[in-house]
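Novice: Take a look at the following structure, please.
Each reported figure results from applying straightforward, stated rules to the coordinates on display, with no laboratory input. Nothing here was measured: the structure is a model prediction, and the numbers come from that model. With ideal geometry, Cβ positions are generated from the backbone for all residues, glycine too; neighbour counts draw on all protein chains shown.
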């Protein structure tokens, strides 16, 4: 406590226990405990019998994660910076190993058996990428706005993404591009490039989804949408747009009018999006795309993916203010709710603890996210700011997608809710992330 | 050190705008989420709560056990409930491929074509989460086989649907009636009495008359089911238990019913046995009958159609739903009127030449040679038409005749506790004027005097007539229900007491004379050679109704016995064989067998042995 009142200039001190940020730690611990409780709850069937031992495993994961959390406070987080290439390459290799020898669960070869436990390298890769990008951006601090920085960083992102897509685990890869965009944005990467990337991704998804939307959701044919459906039309349109875009760029070269630049980028953007959306639809099956948009109108597929959304919405909505009480949820215990311990853990919490429970969960996350950002901002070096912001955004993105899925406003992607969902890899990933933030906090202003 | 501080601050300054904008973005997004969750859980919470309940709870009716019906011996029930099942399918729980394979498997088990099964689940039902009945009347062992492999039968469920099984049905069909699914028209009328769209309702007989007592009240089980439709949460299940229907004990004596049934044999007509001192019906046979058990089989529709189109009208309970000319049996009432009104000296003789002229019409006696001079009792014994023509036309007149017919209850409902009773006709000049628009003529009075013409009565009215005579002025309401019992405790809830239907001011002496005259019919009259039973002294009156056929007549016999016993020990037997049968004078024969059987405590075979009618063993056309 000594020195708490010291002046600003004297804030530099050795890490003592009181420097420890209890706010994020306790919030994390609370979430972990709630997660354990509800993983237990999800394993209880309607007769009140425990039909799943997942919660025991989760307790083991929580315990090990906490040990890891404290161990990670020992080295300075800058060590990560020094080791960033090794970590990144090691994880890439793990992903390749997974691809070759991994276990296939739910159609994706994303698991690696390790001493009886299964781990998902694709989860850890998220942290690996954050560290790699943060490290890379700090390294390129002086030419941060250059196109080279942008493209190299993008390659760093696309490499693991491609490996994960090969598994194929589409849900997990969804995180990577937003992570890159946000870390890039914070780092100060060329904003126009980032914006174009963002638009490219959005257009691609949009174009890919449109025919499926027309087919399953709208259930009537719109002639105009042929251009997204028929391959020759797709190629023709794409080529035309691309040609127009190139002409416009030529125009910009001679006329130097900004109009040509916008016109050209738009043309090229649409052209490429159209092509990649076509690719998207060739790779993915209709039902996979359907999963992405079924939340718009779950009734069209009450048997398949819509079922999850309807059941989850019912679970959340029927929770009311106070909830049905722990272990009293009907949707969950009567097994209406699918994937209760992982994807839909929030639904069971919302059902049994009601709005109060939802509020508590969101508040705990809010504490972690806000406090995490503030901590990283105060780290005093670029690497700290970037990994802090990266970790915070990673957690936030999972939260938005996962809870959004539970309340029917986001696609079903199988993305876990950190700290709450069952599973060691995601728990460890998030814990490592928060451990880094704690580490940053403990070592602020110290070089 | 300061340098470090400033450098840290520089970093902070460099990133703060972007980091804070990220922070803002995060905070806004989370607030939006919180708001939307609030909307879901609080604003729309009730709606989702209902949905959660709907999805996870299904209420299944627990059918109340319909009451059993016993005869007066109260030993074995005349109708029982047999377990039977309906196999249902919830189409929404099956994919199209599953539907196909499940239909395939079911088709072998249920013995119906796969296409027939699929036809029960048309395309517009495919997403329905309501059970659709595939087949009813499925045996328990088939259900067991489905249950054992329920994983092969997704979406398939079953439901107990007890059916009525009428034991030793035959002639009891008309008494007990049958049950069936409620029709839309019935439901519209009965809706407020607790019937529902799938209610089973009595369609005829006792089943219809006492449906409210028999049906009980369905219970409901509020099942909580999981996603597989499996019942879960047994501990929290709410159940409203069914109230089982009441058991009924009838006045019918099963043995007498059987005796009467066999005595009548396969002849279109009726046999009715009643206790005059209470109105209790001991036997009620109407041939032809139908088998209600046919309606609970696969061939129900064909069976129903067959019965409905049968020219013999097997659905008709002729004892109460069909009226016939009483013919000579009406002479009992004519005698009573003559004696009571002192219209004629009973000893006064009227000469029968075998015919009488009324106006320009000639009315014949059944004895072409004529009976010669006959007084009242002789005329009744010989059933002399000419005597009663004269009595009706010259001494009583139609007004008195009609008046006495009505005093005996003709032309009025007896109020028997069965649906669909008809009341027959007692013609009067006014009635004829209103019905036919023509005037009453002497010939009408002559016809009425011998129970022909417009006069028509039901067999149960005929039985009441005999009861009036033997009770000497009192008729009890004929009835079939003796007791209502609680199905669980067996305690009597209600005992039906005899109810006086009508009393007559006719003098007892008059009835005593009529009784003697009716005894004379047996000892010295038309029934002398046929009523051979020595088990009991019978009094009665024959009737031969002319229906326009050459060699065949409606045959009546109304009788009671023992003649010299108090009414409490007596039974009234009314037999009626329609002219459609070969002429065998069968009504009297059947009554003879019935009396023999009742009073010698014999069954049909023993009775005909005793009567030395062994040749009738071959008559059993059953």
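Novice: Provide a whole-number value for the mean count of partner chain Cβ atoms within 10 Å of the Cβ atoms in peptide A:311-317. Spell out each step's value before the answer.
Specialist: Working: counts 4, 0, 4, 11, 2, 6, 15.
Rounded to a whole number, the mean comes out at 6.
Novice: Shifting gears a bit: Remind me, what semi-axes does chain B give for its equivalent ellipsoid, largest first in whole Å, using sqrt of 5 times each Cα gyration tensor eigenvalue?
Specialist: Details: eigenvalues 1119, 126, 95 Å².
In descending order, the three semi-axes are 75, 25, 22 Å.
Novice: Based only on the alpha carbon positions, what is the Kirkwood hydrodynamic radius of the range A:205-284, in angstrom?
Specialist: Values: mean 1/r = 0.0743 Å⁻¹.
Hydrodynamic radius (Kirkwood, Cα pairs) of the range A:205-284 is 13.5 Å.
Novice: If each residue's Cβ is checked for other Cβ atoms within 10 Å, how do A:285, A:126, B:275 rank with the fewest at the top? It would help to have the intermediate numbers written out before the result.
Specialist: Working: A:285 10, A:126 26, B:275 21.
By the 10 Å Cβ count, ascending, the order reads A:285, B:275, A:126.
Novice: Rank by packing, highest mean first: peptides A:143-151, B:587-595, with packing defined as the count of other Cβ atoms within 10 Å averaged across residues. Show your work: numbers first, answer last.
Specialist: Details: A:143-151: 15.2, B:587-595: 28.9.
Taking the mean over residues of other Cβ atoms within 10 Å, the ranking is B:587-595, A:143-151.
Novice: Hey, fewest Cβ within 10 Å first, where do A:333, B:313 land in order? The partial results should precede the final answer.
Specialist: Values: A:333 28, B:313 17.
So the ranking, lowest neighbour count to highest, is B:313, A:333.
Novice: With 10 angstrom as the radius, rank A:32, B:576, A:410 by how many other C-beta atoms surround their C-beta, starting from the fewest. Don't skip to the end; give the middle numbers.
Specialist: On the way: A:32 23, B:576 33, A:410 17.
Listing A:32, B:576, A:410 from fewest to most nearby Cβ atoms yields A:410, A:32, B:576.
Novice: Here is a follow-up. I need to check one value: relative contact order of chain A, counting alpha carbon pairs closer than 8 Å and at least 6 residues apart, in percent.
Specialist: Values: 669 pairs, mean separation 105.5, N = 447.
That works out to 24 percent.
Novice: Follow-up. Between residue B:221 and residue B:239, what is the label-point separation in nm under the 7 Å Cα-to-beta-carbon projection?
Specialist: Result: 0.6 nm between the two label points.
Novice: Also, I was wondering about something else. Between the helical axis of B:2-38 and the dominant principal axis of chain B, each derived from Cα atoms, what acute angle in degrees is found, rounded to the nearest 10?
Specialist: 10 degrees
Novice: How many angstrom separate the Cα center of the range B:269-342 from the Cα center of the range B:528-594?
Specialist: Result: 15 Å between the Cα centres.
Novice: Right, something else. Given a Förster distance of 56 angstrom, what is the FRET efficiency for residue B:305 paired with residue B:436, based on the Cβ-Cβ distance and rounded to 0.05?
Specialist: That gives a FRET efficiency of 0.95.
Novice: Sorted by packing (mean other beta-carbon atoms within 10 Å per residue), highest first, where do B:30-43, B:448-461 land? Can you show the working numbers first?
Specialist: Details: B:30-43: 17.1, B:448-461: 26.4.
Packing proxy ranking, top to bottom: B:448-461, B:30-43.
Novice: Which order do the peptides B:319-329, A:34-44 come out in when sorted by mean C-beta neighbours inside 10 angstrom, highest first? Don't jump to the answer; show the numbers that get you there.
Specialist: Numbers: B:319-329: 25.7, A:34-44: 22.7.
Top to bottom by mean Cβ count within 10 Å: B:319-329, A:34-44.
Novice: Compute the Cα gyration tensor for the range A:68-211, then decide on rounded, prolate or oblate, letting a ≥ b ≥ c be the square roots of its eigenvalues: rounded whenever a/c is under 1.5, prolate when a/b is larger than b/c in the other cases, and oblate in all that remain. Intermediate values should be presented prior to the final figure.
Specialist: Values: a/c = 2.36, a/b = 1.11, b/c = 2.11.
It is oblate, given that a/c is not under 1.5 and a/b is not larger than b/c.
Novice: Summing -39500 (n - 2.57) over the DSSP H runs of n ≥ 4 in chain A and dividing by its residue number, what mean residue ellipticity at 222 nm do you reach, to the nearest 500 deg cm²/dmol?
Specialist: Numbers: 17 runs with 298 residues, N = 447.
Counting only the DSSP helices, I get -22500 deg cm²/dmol.
Novice: Let me ask something else. With just the Cα atoms defining each centre, how far is the range A:221-239 from the range B:112-182? Give it in Å.
Specialist: 53 Å
Novice: Compute the helix-to-body angle for B:45-56: its Cα long axis versus the longest principal axis of chain B, expressed 0 to 90° and rounded to tens.
Specialist: Helix B:45-56 sits roughly 60 degrees off the main axis of chain B.
Novice: May I ask for the angle, rounded to the nearest 10°, between helix B:300-309 and the longest principal axis of chain B, with both axes built from Cα atoms and the value confined to 0 to 90°?
Specialist: 30 degrees
Novice: Can you give the Kirkwood hydrodynamic radius for the protein assembly as shown, in Å, rounded to one decimal and based on Cα pairs? Each step should come with its number before you reach the end.
Specialist: Details: mean 1/r = 0.0266 Å⁻¹.
Result for the protein assembly as shown, one decimal place: 37.6 Å.
Novice: Can you give me the C-alpha center-to-center distance between the range A:111-160 and the range B:13-56, rounded to a whole angstrom?
Specialist: Taking the Cα centre of the range B:13-56 as reference, the centre of the range A:111-160 is 30 Å away.
Novice: Let me ask another. Rounded, prolate or oblate: which fits chain A when a ≥ b ≥ c are the square roots of the eigenvalues of the alpha-carbon gyration tensor, with rounded for a/c under 1.5 and prolate only if a/b beats b/c?
Specialist: Details: a/c = 1.90, a/b = 1.12, b/c = 1.70.
Note, shape of chain A comes out oblate.
Novice: Is the range A:257-398 rounded, prolate or oblate when judged by the Cα gyration tensor, a ≥ b ≥ c being the square roots of its eigenvalues, rounded requiring a/c under 1.5 and prolate requiring a/b larger than b/c? Mind dumping the intermediate values first?
Specialist: Numbers: a/c = 2.99, a/b = 1.26, b/c = 2.38.
Verdict is oblate for the range A:257-398.
Novice: Summing -39500 (n - 2.57) over the DSSP H runs of n ≥ 4 in chain B and dividing by its residue number, what mean residue ellipticity at 222 nm do you reach, to the nearest 500 deg cm²/dmol?
Specialist: On the way: 22 runs with 226 residues, N = 622.
Calculated from helices alone, the mean residue ellipticity at 222 nm is -11000 deg cm²/dmol.
Novice: Using alpha-carbon pairs under 8 Å, 6+ residues apart, how would you state the relative contact order of chain B in percent?
Specialist: For chain B, the relative contact order is 14 percent.
Novice: Another one. Work out the mean other chain Cβ neighbour count within 10 Å for the residues of B:12-22 and drop it here as an integer.
Specialist: Values: counts 5, 1, 4, 12, 3, 0, 8, 11, 3, 2, 10.
Other-chain Cβ atoms within 10 Å of each residue's Cβ, averaged: 5.
Novice: While we're on this one: Within 10 Å of each Cβ of B:32-38, how many other protein chain Cβ atoms are there on average? Spell out each step's value before the answer.
Specialist: Numbers: counts 2, 9, 7, 0, 5, 15, 4.
That works out to 6 on average.
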